[in-house]
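See structure below.
The values are calculated or read from the model by the stated rules, or taken from the named source; none is laboratory data. Since the model is a prediction, treat every value here as computed from it, not as a measurement. We place every Cβ from the backbone using ideal geometry, glycine too, and count neighbours over all the protein chains shown.
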């Protein structure tokens, strides 16, 4: 099908069939004119995308139809959103313009389409460091006006991820990295839990296919056993809930592959030891006259009459819902065969919000009575977007921090509850109260004890900020705040201070120049910048105001004639750097991004050099990606490395697929960590296995013993992950060793 230039009868039938499937299953489209609006949008999209195909070969218009289906059936938006979804690519990819859209559909739908259209044609590399970041920023500019833009964009990304197999590998890595970095947390922040889980799993599948397939295979292998276990677990609960007169629905499933992998990573355990792989959900109809919260706790009581709960795994989001609106009661109990089972208790209303997020009760439905947590979050994002000095990549990082999934609740001295991201400091809290409180903060009383402003807060802390009129923000403060509100306030104050310093410095310099009969013209300023070794006028003025630049010998400096040698040197250097840049471009063009780049032993003789990233230290056998740095070298990262994920979402065009082609000629440094019960001869046994039995060269060993328990790390040279896994297996079999694992993030 992909080779045909023009659509045939089969293509037209497929398009009509998919569209019929959409319109025959519409939700919330019962108003007069809804169906006519959708039909009109489809006709225009179908004509605009005529004879256009996706990479898979299917007619392109099937993509907007699928996006419209997700928007309506999985997110729950209505006719206008369906129309905008059908038209979301026409302005970018066809002759159809925004003016045409406004004529045919009016300003509201046009503004949604505009928010969904990439900024192709206006991108300037000189003023922006990432086109991906700029596109995302433009989309977010519509956030405060119309949330539907983001919801449709998430639906668009979900369908792209579902059909990502047809893309070349380097494109798959870029899109999958962008998805896990931004779109999955964004879906989570908007309460779209089902979509968030699917985006995480799909991204994981493309970024780390081997591990994904391994976990998926183990889940499939255990599927029948899990279903039998869930049935056995549910029967006594069903009996008791039915006896109590509740109307409810109970369902069970294993957790998502990505969440299982995350648990394996955080707990450092294999799949078999992840204790709460199973999850059961109970959704009940509200009981007339009984608050939903009371019914949740009644069901909790019924479950714990049958099964023993794990006290530290109780999560009460009924008394205090999450900031994205999520409400539920979660508990983990010991089920049959000694297996832990997580149970989620929700009402039907809570379940709709959990599955469809804010689309389930969004403010355009008419409920403007109270500012929601979403509205507050949108205000913070809007404040970030209004700052024109923000670098797009820096903005993206700040925005990412606002998508926190883990939150803590802390109290003011008067008992007001404040929501902050996990890991927030007392200074974050101060800025959350008020910008001026943050700017004047010098310390904090946390639970009545005096602490510095960089102290990390815990959920439940009561915090009182101590201020001083002489205090002011310092650049160092940026390193111990994590909320964008705090960072932005500190940056704004520092910028204002810098601007004031520059102005004062300019006035001082002008006065000094007047004393010696000179004016601050460009020739004079060039001489001064060269003499004081500063890069620009602002640096010169700041140095003068701070007293770093001494103007006592000003007359002597101005009498000097500039050295021609110095000028020639800078000219040569400048020309040289241009040449290097040109060579770098030629070098980059040699790489064919459509096929994996091979990592060979002899880097010197290879067509292109590569470096192993220090942040994640990959070794042969690890799944890896390549990043073409601006300097020319290819830097090798693991796909799960936070730096790599950030690169894939910001500079995806520089990501290439890579493969190992190394055969035990080159060694790579790796680190393992161990712990266990100490005994005489244990260290000797470990080093014997490493050096004598496996012939592995150690570079560093560090072991400490406290109260009979030892902990240690060993740095060693290995050729392949197989060698490292073999080594870990051998050491784990030594008597007394409780845990051995590879350290992913270390510096040599």
| Take the residues of segment 80-106 that are under 15 Å from residue 43 (Cβ atoms) and more than 31 Å from the chain's Cα centre (by Cα): which is surrounded by the most Cβ atoms within 10 Å (Cβ to Cβ)? | 101
| task | Give the residue, chosen from 626, 632, that is closer than 18 Å to residue 168 by Cα and either assigned to a strand (DSSP E or B) or in contact (Cβ under 8 Å) with a residue 12 or more places away in the chain (or both). | result | 626
| query | Restricting the search to segment 425-436, which residues are under 16 Å from residue 462 (Cβ atoms) and assigned to a helix (DSSP H, G or I)? | reply | 426, 428, 429, 430, 432, 433
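To keep it simple, each residue is scored yes or no on (1) within 21 Å of residue 339 (Cβ to Cβ); (2) surrounded by fewer than 12 Cβ atoms within 10 Å (Cβ to Cβ); (3) over 24 Å from the mean Cα position of the chain (by Cα); (4) modelled with pLDDT under 90.
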| site | (1), (2), (3), (4) |
| --- | --- |
| 248 | no, no, yes, no |
| 255 | yes, no, no, yes |
| 276 | yes, no, yes, yes |
| 297 | no, no, yes, no |
| 302 | yes, no, yes, no |
| 318 | no, no, yes, no |
| task | Filter segment 191-246 down to residues that are crowded, with 20+ Cβ neighbours inside 10 Å and outside any helix (DSSP H, G or I) and give me whichever is modelled with the highest pLDDT. | result | 208
| note | Filtering segment 427-463 down to residues that are farther than 15 Å from residue 489 by Cα and crowded, with 17+ Cβ neighbours inside 10 Å yields 443, 444, 446, 451, 453, 455, 457, 461, 463
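Per-residue answers, yes or no, for (1) closer than 30 Å to residue 102 by Cβ; (2) in a loop (DSSP other than H, G, I, E, B); (3) without any contact (Cβ under 8 Å) to a residue 40 or more places away in the chain:
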| residue | (1), (2), (3) |
| --- | --- |
| 6 | no, yes, no |
| 12 | yes, no, yes |
| 15 | yes, no, no |
| 26 | yes, yes, no |
| 40 | yes, no, no |
| 43 | yes, no, yes |
| task | Count, please, the residues in segment 460-480 that happen to be out of contact with any strand residue (DSSP E or B) (no Cβ under 6 Å at 6 or more places or on another chain) and closer than 11 Å to residue 446 by Cα. | result | 1
| said: Restricting to segment 504-519, name every residue that is under 19 Å from residue 543 (Cα atoms) and either crowded, with 16+ Cβ neighbours inside 10 Å or touching a residue at least 12 places away in the same chain (Cβ under 8 Å) (or both). | reply: 504, 505, 506, 508, 509, 512, 513
| said: Going residue by residue through segment 365-373, is there one that turns out to be closer than 18 Å to residue 151 by Cβ, crowded, with 19+ Cβ neighbours inside 10 Å and modelled with pLDDT under 75? | reply: no
| Extreme residue, modelled with the highest pLDDT, among residues of segment 320-338 that are surrounded by fewer than 16 Cβ atoms within 10 Å (Cβ to Cβ) and over 30 Å from the mean Cα position of the chain (by Cα) | 334
| If you take just the helices (runs of 4 or more DSSP H) that sit entirely in segment 482-574, which of them hold at least 1 residues that are over 30 Å from residue 439 (Cβ atoms) and modelled with pLDDT of 75 or more? | 484-515, 522-531, 554-559
